[in-house]
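The values are calculated or read from the model by the stated rules, or taken from the named source; none is laboratory data. Because the structure is a prediction, the values reported are computed rather than measured. Please note: Cβ atoms are built from the backbone with ideal geometry, for glycine as well, and neighbour counts cover all protein chains shown.
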Amino acid sequence: MNRTRLLTTMAVLIAMGTLTSQLVWFPAGIARAYPVQHAINIVAAVTLGPGPAVIIAFMISLLRNLLGLGTLLAFPGSMIGAFLAAYFYRMSGKHALAALGESIGSGFIGALFAVPFAYIFMGNSVGALAFVPPFIVSSTTGAIIGMFIVSRMKIKNIIRI
């Protein structure tokens, strides 16, 4: 993929993730679930690879925070999930493992990283597993949506993977 196409694709995914965060969310325990973020992580992981996927996750989190549409907890979960989704996909070539990487990365590892993150940057003190259930609900829902989108893109020959 040439540089212009890569940057354009990244910009479109960032815009979609930022804009849909206000439209598509649901309460999940002590957090809000943004499944489109995780679906975009899967699409970026499968089509673009680990580096661009992590950059996209970071930029969506940054823009959501700058616009007042999210919290700082978006950073650890989305970025770790994007990386693991891309890594699992690169190692296996299977969409299901990309979705598993997203769920593990965002839902479990990202949730554990969110605890000290919340304490240091937000002044909130919570238990070690307080973020795991809502993060797993959000990431698994989004990973399933993302896996469906990628499979449809492949069937329609929109992407070559």
*asked:* Show the residue pairs meeting these rules: Cβ distance below 8 Å; 6+ apart or different chains; first residue within the range 1-17 and over 16 Å from Asn41 (Cα atoms); second residue of a type in the set (A, V, I, L, M).
replied: Met1/Leu48
_Criterion (in contact with a helix residue (DSSP H, G or I) (Cβ under 8 Å, 6 or more places away or on another chain) and closer than 16 Å to Gly142 by Cα) met by exactly one of Ala114, Ala99_ = Ala99
*Find all pairs meeting these conditions: Cβ atoms under 6 angstrom apart; at least six residues apart or on different chains; first residue within the range 73-97 and within 10 Å of Asn41 (Cβ to Cβ); second residue outside any helix (DSSP H, G or I).*
Ala86/Gly49
*asked:* Go through (1) crowded, with 23+ Cβ neighbours inside 10 Å; (2) of a type outside the set (Ser, Thr, Tyr); (3) within 27 Å of Leu129 (Cα to Cα); (4) at pLDDT 90 or above for Leu62 and report which single condition fails.
replied: (1)
*Kindly establish whether Ala98 is small (Gly, Ala, Ser), crowded, with 19+ Cβ neighbours inside 10 Å and touching a Leu at 6+ places or on another chain (Cβ under 8 Å).*
no
*asked:* Looking at the range 104-161 only, could you name the residues that are among the aromatic types (Phe, Trp, Tyr) and either at pLDDT 80 or above or closer than 20 Å to Ala86 by Cα (or both)?
replied: Phe108, Phe113, Phe131, Phe135, Phe148
